1. From the set of residues in the range 55-85 that are among the aliphatic types (A, V, I, L, M) and surrounded by 13 or more Cβ atoms within 10 Å (Cβ to Cβ), which is farthest from GLU19 (Cα to Cα)?
2. Residue check, PHE88 against (1) exposed (fewer than 12 other Cβ atoms within 10 Å of the Cβ); (2) aromatic (Phe, Trp, Tyr); (3) in contact with a strand residue (DSSP E or B) (Cβ under 9 Å, 6 or more places away or on another chain), all met but one. Which one?
3. Scanning for something buried (at least 17 other Cβ atoms within 10 Å of the Cβ) and among the small types (Gly, Ala, Ser), does the range 23-31 turn up at least one residue?
4. For GLU35, indicate whether it is farther than 24 Å from ASN95 by Cβ, among the acidic types (Asp, Glu) and touching a Phe, Trp or Tyr at 6+ places or on another chain (Cβ under 8 Å).
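Laboratory data are not the source of any read-out in this text; all were calculated from the coordinates shown. This is a predicted model, so every value here is computed, not measured. FYI the Cβ positions are ideal-geometry reconstructions off the backbone, even for glycines, and counts take in every protein chain you see.
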Amino acid sequence: MGTQAGTSADTLKFLRELEESPYRHDFFMALRRLESMYPDMPRFGQGARPIDEPIRLGQEPSMAFAPSALASFRAGDKDRPHKLSGFFFGLFGPNGPLPLHLTEYARDR
């Protein structure tokens, strides 16, 4: 994954809070905080290879009203990047461009 995030108390506290209660955080604020942990790496989305990116973004396939922007967060380690899933963007769901039966199919898988 390249350079590891700093291990300051604030960094660890933020990662733990984001993992335990992602609904309390804003999507863009979370990305800014995560990106600031990797000052010597390219900005998110600008890495030459996917392995150079310290985070993976995803979407939670749901038909329900989104109670918050973020669905879940899994902190990464030296072998795997962080994973941040949201409700509000992507292809699935009632606001996505794909037909609803494909959201149901993805959710059931």
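1. First pass over the range 55-85, keeping only residues among the aliphatic types (A, V, I, L, M): 55, 57, 63-64, 66, 69-71, 75, 84.
Filter once more, so that each one left must be surrounded by 13 or more Cβ atoms within 10 Å (Cβ to Cβ): 55, 57, 66, 69-71, 75, 84.
Values: ILE55: 14, LEU57: 14, ALA66: 18, ALA69: 14, LEU70: 10, ALA71: 10, ALA75: 7, LEU84: 9 Å.
Looking at residues that are among the aliphatic types (A, V, I, L, M) and surrounded by 13 or more Cβ atoms within 10 Å (Cβ to Cβ), I get ALA66.
2. Of (1) exposed (fewer than 12 other Cβ atoms within 10 Å of the Cβ); (2) aromatic (Phe, Trp, Tyr); (3) in contact with a strand residue (DSSP E or B) (Cβ under 9 Å, 6 or more places away or on another chain), only one is false for PHE88: (1).
3. Checked the range 23-31: at least one residue is buried (at least 17 other Cβ atoms within 10 Å of the Cβ) and among the small types (Gly, Ala, Ser).
4. Details: farther than 24 Å from ASN95 by Cβ: yes; among the acidic types (Asp, Glu): yes; touching a Phe, Trp or Tyr at 6+ places or on another chain (Cβ under 8 Å): yes.
When the stated conditions are applied, GLU35 passes them.
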